[in-house]
Amino acid sequence: SYFSCQIGDKLASVCSSGADTLSYRFGISARTEINIASPVNYSRTGYSGGGEGRLRFTRGEYDYVVHSGIYAGEWQPDGTRDKVERAGVYVIQDGKQIADLACDPYPELDLNSETLSQHTQEEFVYYE
């Protein structure tokens, strides 16, 4: 499994389903609401104090973008900065973000890993 996280009472997961194919699943254990097999659509970017990795899965006019990243947070009195870990699924319809489903807690697996960097990366898109 590349990625697995709890979003409310549902689970979002990404697993390998072949050499260059990944499967995105979303739902409760008894019933999968979304199941998309796709070639690897991977992107990542660096930020000050961290970075973000993403996997994109497309069905019709919707993209499901699984993401995880580490960011520099607020400055502390001792001169250090908080580390902010954030992960989840962006739901994109016709290029516009319509939902941001956050993982709670932060997943153990990080999409900014070297395992995915062997695949061709697509352009990193900043959603509004």
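The values are calculated or read from the model by the stated rules, or taken from the named source; none is laboratory data. The model shown is predicted, which means the values in this text are computed figures rather than measured ones. Every residue, glycine among them, receives a Cβ derived from its backbone with ideal geometry; neighbour counts consider all protein chains shown. In case anyone asks, the SASA skips ligands and DNA or RNA and just uses the protein heavy atoms, side chains included. Shrake-Rupley method; radii C 1.70, N 1.55, O 1.52, S 1.80 Å.
Ignoring ligands, DNA and RNA, what percent of the 1.4 Å accessible area of the chain is carbon and sulfur?
Details: 3390 of 7270 Å².
Reported share for carbon and sulfur atoms: 47 percent.
Taking other residues whose beta carbon is less than 10 angstrom from the beta carbon of Arg86, and scoring Lys, Arg as +1 and Asp, Glu as -1, yields -3. For the chain, the dipole from Cβ point charges (+1 on Lys and Arg, -1 on Asp and Glu) about the Cα centre works out to 300 debye, to the nearest 20. Of the residues Tyr42, Tyr127, Gly27, the one whose Cα sits farthest towards the positive end of the charge dipole of the chain is Gly27 (charges of +1 on Lys and Arg Cβ, -1 on Asp and Glu Cβ, taken about the Cα centre).
Report summary: the helix-based calculation at 222 nm, which adds -39500 (n - 2.57) for every DSSP H run with n ≥ 4 and divides by the residues of the chain, gives -500 deg cm²/dmol. Left without a cysteine partner by the 4.7 Å Cβ rule in the chain: Cys15. Need one number: nm distance between label points at Lys83 and Ala99, each 7 Å from Cα along Cα→Cβ, rounded to one decimal. Spacing of the two 7 Å Cα→Cβ label points: 3.1 nm. Here, the chain yields an orientationally averaged convex hull projection of 8.6 nm² when only Cα atoms define the hull.
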